[in-house]
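The values are calculated or read from the model by the stated rules, or taken from the named source; none is laboratory data. Note that the coordinates shown come from a computational prediction; the quantities given were computed from them, not determined experimentally. Cβ atoms come from the backbone with ideal geometry, glycine included; neighbour counts cover every protein chain shown.
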Amino acid sequence: MTAGEIMKKKAVIFDMDGLMIDSERVTYDGYVKICSEYNYEMTLDFYKTLLGFRTNVINEKLKEHFGNGFPSEEIIRRVHIYIEQVFSEKGIPLKTGLLEILQYLKHKNYKLVVATSSHRTRVEKILKDAGISRYFEGYVCGDEVVNGKPDKEIFIKACEKVNVKPEEAYVLEDSEMGVLAAYNANISCICVPDMKYPTEKIKAKTYKVVDNLLEALDIIKEDEKRLEGLGYA
């Protein structure tokens, strides 16, 4: 463990899409459906390159990939409507272990904050509708930072929001861009991959890589026991 990782943690910073909410597959389905209506093909490989970025960057990447004639703003808008319709009809799908980790961390008095590339209006609605907004002390959203992930800004602001040092926090992330942002902020990142497993280069910048949030919780509990043994408790 590094010096930052061995320090007693006071906060846990959560990404949203793909980490707490099982939204990436719905989003991909939306892009496939709506792009096809304009005679474009959204492949899974290309979609994975969009993960973790803010809307403005996704817009640029779509135009770069498909050409300047691609109606990216309209398609992004329609994809968001598609996601809202699916969530409204089927409910908001939570990732395995989310409620367990939130309940445990809250019980142990960790400060919990969301740091996501999504816009605040979307974040507030989704987390409220999912019934989990009460667990968090605040949000830092993609429309509230100058530089999106992989820049460290969003995670530094998340630490400031709950008054902790970066080395006193964990970040839970699913995307490579999120992992890089946490690394750049000097925050221990537990990566829970969703649609794309991190490359070895990215994996080396994480604290741990696990399969689900229950395993992430196990890592946190193990760290607590280790720190107790070292007299940090």
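How many of the residues making up the stretch 129-139 are over 22 Å from residue 107 (Cβ atoms) and exposed (fewer than 14 other Cβ atoms within 10 Å of the Cβ)?
0
When you scan the stretch 174-187, do you find a residue that is charged (D, E, K, R), surrounded by 22 or more Cβ atoms within 10 Å (Cβ to Cβ) and in contact (Cβ under 8 Å) with a residue 24 or more places away in the chain, even just one?
Among the residues of the stretch 174-187, at least one is charged (D, E, K, R), surrounded by 22 or more Cβ atoms within 10 Å (Cβ to Cβ) and in contact (Cβ under 8 Å) with a residue 24 or more places away in the chain, which makes the answer yes.
For the stretch 1-85, list the helices (runs of 4 or more DSSP H) that sit wholly inside it and hold at least 1 residues that are in contact with a Gly (Cβ under 7 Å, 6 or more places away or on another chain) and of a type outside the set (D, E, K, R); which are they? Don't jump to the end; show me each part of the working.
Working: elements: 3-6, 24-37, 44-48, 55-66.
It comes to 55-66.
Would you check which residues across the stretch 50-75 are crowded, with 17+ Cβ neighbours inside 10 Å and hydrophobic (A, V, I, L, M, F, W, C) and list them?
Across the stretch 50-75, the qualifying residues are 50, 51, 53, 58, 62, 66, 70, 75.
Would you say residue 125 is out of contact with any helix residue (DSSP H, G or I) (no Cβ under 8 Å at 6 or more places or on another chain), of a type in the set (Lys, Arg) and within 19 Å of residue 24 (Cβ to Cβ)?
Judged against the criteria, residue 125 is a match.
Among the residues of the stretch 46-90, write down those that are farther than 12 Å from residue 35 by Cα, out of contact with any Leu (no Cβ under 6 Å at 6 or more places or on another chain) and hydrophobic (A, V, I, L, M, F, W, C).
46, 50, 51, 53, 57, 81, 83, 86, 87, listed by residue number.
Could you list, in sequence order, all residues of the stretch 147-173 that are among the hydrophobic types (A, V, I, L, M, F, W, C), farther than 21 Å from residue 106 by Cβ and crowded, with 21+ Cβ neighbours inside 10 Å?
Here is the first cut: in the stretch 147-173, the ones among the hydrophobic types (A, V, I, L, M, F, W, C) are 154-156, 158-159, 162, 164, 169, 171-172.
Checking the rest, the ones that are also farther than 21 Å from residue 106 by Cβ come to 154, 156.
Within the stretch 147-173, 154 is the sole residue that qualifies.
If residue 101 passes every condition in (1) exposed (fewer than 15 other Cβ atoms within 10 Å of the Cβ); (2) under 19 Å from residue 217 (Cα atoms) but one, which one does it miss?
Of (1) exposed (fewer than 15 other Cβ atoms within 10 Å of the Cβ); (2) under 19 Å from residue 217 (Cα atoms), only one is false for residue 101: (1).
Can you name the residue in the stretch 197-233 that is in a helix (DSSP H, G or I) and of a type in the set (Asp, Glu) and is also surrounded by the most Cβ atoms within 10 Å (Cβ to Cβ) among such residues?
223
Given (1) modelled with pLDDT under 95; (2) over 26 Å from residue 167 (Cα atoms), where does residue 65 come up short, assuming only one miss?
Result: residue 65 passes all but (1).
Any idea which of 170, 197 is among the aromatic types (Phe, Trp, Tyr) and out of contact with any strand residue (DSSP E or B) (no Cβ under 7 Å at 6 or more places or on another chain)?
Just a single option satisfies the conditions, and that option is 197.
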